[in-house]
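Since the structure comes first, as structure tokens, the remarks are kept for the end.
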Amino acid sequence: MTLIEKYKTELELVRQNPKLLDNYRFDKDDINSKHFDRLRLNIAIYNNLKQTDYEIVKFLFTEEKEWRKYSKDGEVDNLYFCAFILTLFNSLEIIWLFFETKNIDFDSGIGFDGEYLVSVGIKETYQYLKTFDNPLKTELLKYIGETEESCNYSQADIDDWKENKKSYFTGYKFPIQDELYFLYSTNERELFLSKLPEWIKQERNWTHEELGLYRTYAKYTEDKTLEIEAFKLTIEKNDTDFLRDIYNRQLAELYVETGENDKAFEILERVIKGTDNNNIVRDCVEQLCRIIIKTNSTSYEISKKSYNLIIIQQKKYRNFSPMVDSLLNEVTEIMNEEKITAYNSSLPKGGRSWWQKIFGSE
């Protein structure tokens, strides 16, 4: 059975027995939020939509709304996709569920398109609101406009928005055009990992978009070595890219995470000396701090070089950000302790005080 056939089979089982929707319910205390299970069912519905699926999709969206409240791992696009499928049923009552979603928090207020609220049609929406009361009605009208004539959207706006949404979610239409991206977006991890090496080896010119996908895919694998390779290739193919310094800083961060501090320092020093952008310098200083924090006492030299570079930037920029300044205080304490340790260990045995002779290393 192919993946697509599997999705279709699961949908038919739910259609025949709606009680199976309990298997797709969100539980804030459960490790598995069923987020991608709901997405897969939505994909099957999107490709074989029936009017009788309305209650299924409404249930799935309600569960996605709960998922969004608790910031569980996943992709917010899954919520938007489910909302888009709901608009295909042209149900006016869904406006209240959409408005609740838009008001979950600040990010939802920005990210959840206002067009969803009038997706059934401008005229139809206002006619519905004239005859239907809801505690949210006053706030809703403030947002979309008090009357049809003063609506913040035109019908042309909504029609264009629908076409754009259809285009945006085209990757979920059967037959699948980009198999690897489909496997990534549906979190079909095992299949994705089996096909990724072949994708990387393909002969190509490596466009900006493809390099972005490579970095995204590498991060998804949780393989730091592959992430490093993705960033090295990105930098190689983007000699004049305005994001080059950012890519280099991110590569240095990966080297810090893998304990390759010499490589990280070399990159960070080069980036700092080649830029006057204080934001980039701040981010580089943060990684220099992390080199010192993660470096053990046997690698005092790399800590010392990192700290000297930090001091120079401190004199130039004075302050960076509360988080970086806090790290600077921490590394200053570490380096002060390291200096004492390094100095004491370099003293001849006879030059140490009585307590150093007793408690110091032989």
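The values are calculated or read from the model by the stated rules, or taken from the named source; none is laboratory data. Just so we're clear, the structure is a prediction, and the values are computed from it rather than from any experiment. Every residue, glycine among them, receives a Cβ derived from its backbone with ideal geometry; neighbour counts consider all protein chains shown.
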Checklist outcome for this item: Across (1) aromatic (Phe, Trp, Tyr); (2) in contact with a Phe, Trp or Tyr (Cβ under 8 Å, 6 or more places away or on another chain); (3) under 30 Å from GLU12 (Cβ atoms), TYR143 clears everything bar (3)
Checklist entry - Do we find that GLU198 is under 28 Å from THR225 (Cβ atoms), assigned to a helix (DSSP H, G or I) and under 24 Å from the mean Cα position of the chain (by Cα) in this structure? => result no
Checklist entry - How about region 260-272: which of its residues are surrounded by fewer than 16 Cβ atoms within 10 Å (Cβ to Cβ) and either among the hydroxyl-bearing types (Ser, Thr, Tyr) or within 11 Å of ASP245 (Cβ to Cβ) (or both)? => result ARG270
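Could you tell me whether ALA264 is over 21 Å from the mean Cα position of the chain (by Cα) and at pLDDT 95 or above?
yes
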Next on the checklist: So GLU330 passes all but one of these: (1) at pLDDT 90 or above; (2) within 21 Å of LYS273 (Cα to Cα); (3) not polar (S, T, N, Q). Which condition number does it fail?
Outcome noted: (2)
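Take the conditions farther than 20 Å from ASP159 by Cα, out of contact with any strand residue (DSSP E or B) (no Cβ under 8 Å at 6 or more places or on another chain) and of a type outside the set (Phe, Trp, Tyr) and apply them to GLU115. Does it pass?
The answer is no for GLU115.
Rundown of residues vs (1) in the same structural domain as GLU63 (by TED's automatic domain parsing); (2) in contact with a Ser or Thr (Cβ under 9 Å, 6 or more places away or on another chain); (3) free of Cβ contacts under 8 Å to residues at least 40 places away in the same chain; (4) closer than 21 Å to LYS58 by Cα, yes/no style:
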position: ASN134; (1), (2), (3), (4): yes, no, yes, yes
position: GLU148; (1), (2), (3), (4): yes, yes, yes, no
position: GLN155; (1), (2), (3), (4): yes, no, yes, no
position: GLU163; (1), (2), (3), (4): yes, no, yes, no
position: SER167; (1), (2), (3), (4): yes, no, yes, no
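Give me the helices (runs of 4 or more DSSP H) completely within region 1-109, filtered to those with at least 2 residues that are closer than 30 Å to ASP133 by Cβ, ordered by residue number.
54-69, 76-87, 94-102
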Checklist entry - How many residues are over 20 Å from ASP283 (Cβ atoms), part of a helix (DSSP H, G or I) and either under 17 Å from the mean Cα position of the chain (by Cα) or at pLDDT 95 or above (or both) when one looks only at region 219-245? => result 6
Checklist entry - Is there a residue being touching a Leu at 6+ places or on another chain (Cβ under 7 Å), aromatic (Phe, Trp, Tyr), over 13 Å from LEU3 (Cβ atoms) and in contact (Cβ under 8 Å) with a residue 12 or more places away in the chain anywhere in region 182-198? => result no
